[in-house]
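> Sharing a structure, written as structure tokens. Questions coming.
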Amino acid sequence: MDFKTEIAKRRTFGIISHPDAGKTTLTEKLLLFGGAIQEAGAVKNNKIKKTATSDFMEIERQRGISVATSVLAFIYKDKKINILDTPGHKDFAEDTFRTLTAVDSVIVVIDVAKGVEEQTKKLVEVCRMRNIPVIVFINKLDREGKDAFDLLDEVEQKLELKVTPLSFPIGMGYDFKGIYNRYEKNINLFRGDSKKNIEETVAFDNLENKELENLIGVKAAETLREDLELVNGVYPPFNKEDYLNGKQQPVFFGSALNNFGVRELLDCFIDIAPPPLAKKAEERIVMANEKEMTGFVFKIHANMDPKHRDRLAFVKVVSGTFERNKPYLHVRLDKKLKFSSPNAFFAEKKEIVDISYPGDIVGLHDTGNFKIGDTLTEGEKLNYKGIPSFSPEHFRYINNADPMKAKQLYKGIDQLMDEGVAQLFTLEMNGRKVIGTVGALQFEVIQYRLEHEYGAKCTYDNFPVHKACWVDPEDKKNIEFKEFLRVKQKFLAKDKNGQLVFLADSQFSLQMTQQKYPSVKLRFTSEFD
Ligand code: G4P
């Protein structure tokens with residue numbers, strides 16, 4: 001198969017949701033359709049990470065929370081689908097943000113009863129900022145939930161999306177009869193006492209047909225006709241261009257658990273979702289069909305095998321083909337590296353692969369060369385953009401609790417930061433190290449991993465910080481800037497890349513600082529335009 005056909009075949013996407021909306025269940029059902037797993041329950045309830053192959057960190061097993069992000073690939077109707085799984089737990093939100101830099105589109109799962117929840121809002125905001133094409137799946141229609149129109153309104157308002165329903169529910173909960181598929185113009189009936197996995201699809205392009213009454217009953221038929229009239233009047237017709245540009249978001253309704261509405265979602269998805277897209281590097285835009293390989297690291301997994309301290313760097317191939325044993329330039333280190341056993345991912349397995357195409361994710365064994373955001377090329381000095389750090393929410397001093405193990409501690413901290421587990425700040429005044437995380441849980445993860453993987457012990461002390469703000473380095477010569485450096489010395493630190501950071505201890509002090517030193521540019525992400 002030629003290079004362009006391979007690219008056109010690929011769909012690399014992420015499923016995002018608030019925890020418990022049904023992301024794992026939906027992922028499992030998609031894998032079932034792809035024949036990648038044999039039975040429901042194989043990938044269950046976030047226990048997707050509990051199967052041996054995704055079982056990257058012992059701590060995950062202990063906590064039953066998906067700490068890691070993995071890749072699940074399968075073939076469906078001749079398309080190669082790569083699902084980049086994202087951790088549901090909010091403390092690992094930054095992991096998810098980073099994964100969103102490697103997807104070409106996204107499916108958002110929303111619980112019909114709960115509507116739009118906090119975590120979904122934040123994640124969709126990142127998608128909006130990057131114009132990532134989004135499909136919305138409203139899940140758990142077998143349960144009583146919010147009215148479909150109210151939900152569509154809520155999605156539009158809270159997520160600031162412009163939706164158009166491509167399917168519409170017929171009843172809900174106890175009265176759930178099925179779904180009208182506007183995209184394929186048919187009705188999917190949900191029948192049977194148990195309401196489990198029973199599905200019948202009836203082509204139905206003319207809703208005036210009296211057969212509708214026989215299929216779903218007089219009352220439901222009347223409601224459906226009214227509902228669809230309203231849908232047609234209120235929502236714009238589906239426009240693929242708008243969807244691809246992030247200007248319109250199609251919505252599907254269904255029940256992942258009962259495998260209802262999932263095939264319709266998948267069939268539409270492979271039809272409309274984009275193949276690998278061009279990506280912006282600092283230097284230029286790189287097209288997927290360029291001959292030379294380029295790619296970037298969006299995730300690092302540590303210690304897949306606890307006996308060996310190796311790591312797996314996940315590289316998204318952006319252009320060209322990634323080949324085994326071919327030397328590639330690690331741009332940041334200005335060093336050529338060869339990989340004798342690059343991994344590809346299939347369902348829950350990984351295996352060595354000779355060649356990977358744009359859109360694919362390659363897992364590279366790493367002994368400490370990679371950091372998140374690193375670019376690989378065939379020689380061109382190129383740096384992919386778009387993996388900024390956000391201000392952490394929690395900050396603590398980290399102390400060495402075993403003076404004999406200082407070296408192990410610093411190595412451990414260094415490597416965990418490269419993986420993006422947390423952010424490290426070194427105070428300008430006294431060189432003390434401060435760890436910043438998105439959630440409180442990460443402090444425990446770090447402590448546990450330092451001990452079990454590096455044999456080092458640490459303790460923490462509180463360090464009250466409201467927000468970390470990156471300071472624009474261009475201002476260095478200005479007098480006001482010098483004054484700011486002198487007065488705020490106590491609150492200044494360097495991040496891991498040596499960028500200057502102001503650690504504001506309260507919202508008030510942040511405001512005062514901004515007022516007092518208006519020419520000092522403070523940013524809430526590490527990325528400067
Ligand atoms: P997450 O990955 O987004 O966190 O959600 P997950 O798929 O784990 O689903 C959360 C809970 O919602 C699970 O129940 C799951 O069975 C249930 N669920 C998912 N889809 C549907 C649906 O379409 N209808 C209904 N009624 N429930 C659904 P649980 O009780 O937490 O776990 P389990 O004991 O069922 O595994």
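The values are calculated or read from the model by the stated rules, or taken from the named source; none is laboratory data. Keep in mind that this is a model prediction, so the values were computed, not measured. Counting neighbours? That spans all protein chains shown, and the Cβs are built from the backbone with ideal geometry, glycine included.
Yes/no matrix, rows are residues, columns are (1) at pLDDT 85 or above; (2) closer than 19 Å to residue 372 by Cβ; (3) buried (at least 18 other Cβ atoms within 10 Å of the Cβ):
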| position | (1), (2), (3) |
| --- | --- |
| 427 | yes, no, yes |
| 441 | no, no, yes |
| 453 | no, yes, yes |
| 475 | no, no, no |
| 478 | no, no, no |
| 505 | yes, no, no |
| 516 | yes, no, no |
| 526 | no, yes, yes |
| 529 | no, no, no |
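> Could you list all residues from the range 224-255 that are of a type in the set (D, E, K, R) and outside any helix (DSSP H, G or I)?
Of the residues in the range 224-255, the ones of a type in the set (D, E, K, R) are 225-227, 229, 240-242, 247.
Residue satisfying the conditions is 247 alone.
> List the pairs whose first member sits in the range 132-150 and is touching a residue at least 12 places away in the same chain (Cβ under 8 Å) and in the same structural domain as residue 115 (by TED's automatic domain parsing), whose second member is within 10 Å of the ligand (Cβ to nearest atom) and among the charged types (D, E, K, R), and whose Cβ atoms are under 7 Å apart, counting only residues at least 6 apart or on separate chains?
That search, which allows pairs on different chains as well, returns 139/111; 140/111; 142/195.
> Could I ask something else about it? Of the conditions (1) crowded, with 16+ Cβ neighbours inside 10 Å; (2) of a type outside the set (Asp, Glu); (3) closer than 16 Å to residue 427 by Cβ, residue 510 satisfies every one except a single condition; which number is it?
Failing condition for residue 510: (3).
> Can you spot a residue in the range 214-231 that is more than 16 Å from the ligand (Cβ to nearest atom) and within 23 Å of the chain's Cα centre (by Cα)?
no
> Additional query: Would you confirm, using the coordinates I've provided, whether residue 13 is at pLDDT 65 or above, within 16 Å of the ligand (Cβ to nearest atom) and assigned to a strand (DSSP E or B)?
Here the answer is yes, as residue 13 does meet what is asked.
> Give just the number: which of (1) at pLDDT below 90; (2) outside any loop (DSSP other than H, G, I, E, B); (3) crowded, with 20+ Cβ neighbours inside 10 Å does residue 258 not satisfy?
(2)
> Failed condition for residue 470, given (1) out of contact with any Ser or Thr (no Cβ under 6 Å at 6 or more places or on another chain); (2) surrounded by 21 or more Cβ atoms within 10 Å (Cβ to Cβ), with all others met?
(1)
> Restricting attention to the range 261-290, which residues are charged (D, E, K, R), away from the ligand (no atom under 16 Å from the Cβ) and outside any loop (DSSP other than H, G, I, E, B)? Reasoning before the result, please.
First pass over the range 261-290, keeping only residues charged (D, E, K, R): 263-264, 267, 271, 279-280, 282-284, 290.
Now restrict to residues that are away from the ligand (no atom under 16 Å from the Cβ): 267, 271, 279-280, 282-284, 290.
Result: 267, 271, 279, 280.
> Pairs under 8 Å by beta carbon, first residue assigned by TED's automatic domain parsing to the domain that holds residue 86 and within 13 Å of the ligand (Cβ to nearest atom) in the range 19-37, partner modelled with pLDDT of 85 or more and assigned to a helix (DSSP H, G or I), six or more apart or different chains?
Close Cβ pairs (under 8 Å, with a partner that is modelled with pLDDT of 85 or more and assigned to a helix (DSSP H, G or I)) amount to 21/120; 26/262; 29/262; 30/262; 30/266.
> A further question on this structure: Being under 13 Å from the mean Cα position of the chain (by Cα) and within 14 Å of the ligand (Cβ to nearest atom) is the filter here, so list the residues in the range 116-147 that pass it.
Result: 119, 120, 123.
> Would you mind telling me which numbered condition in (1) at pLDDT below 80; (2) buried (at least 23 other Cβ atoms within 10 Å of the Cβ); (3) away from the ligand (no atom under 16 Å from the Cβ) residue 81 fails?
With (1) at pLDDT below 80; (2) buried (at least 23 other Cβ atoms within 10 Å of the Cβ); (3) away from the ligand (no atom under 16 Å from the Cβ) applied to residue 81, the lone miss is (1).
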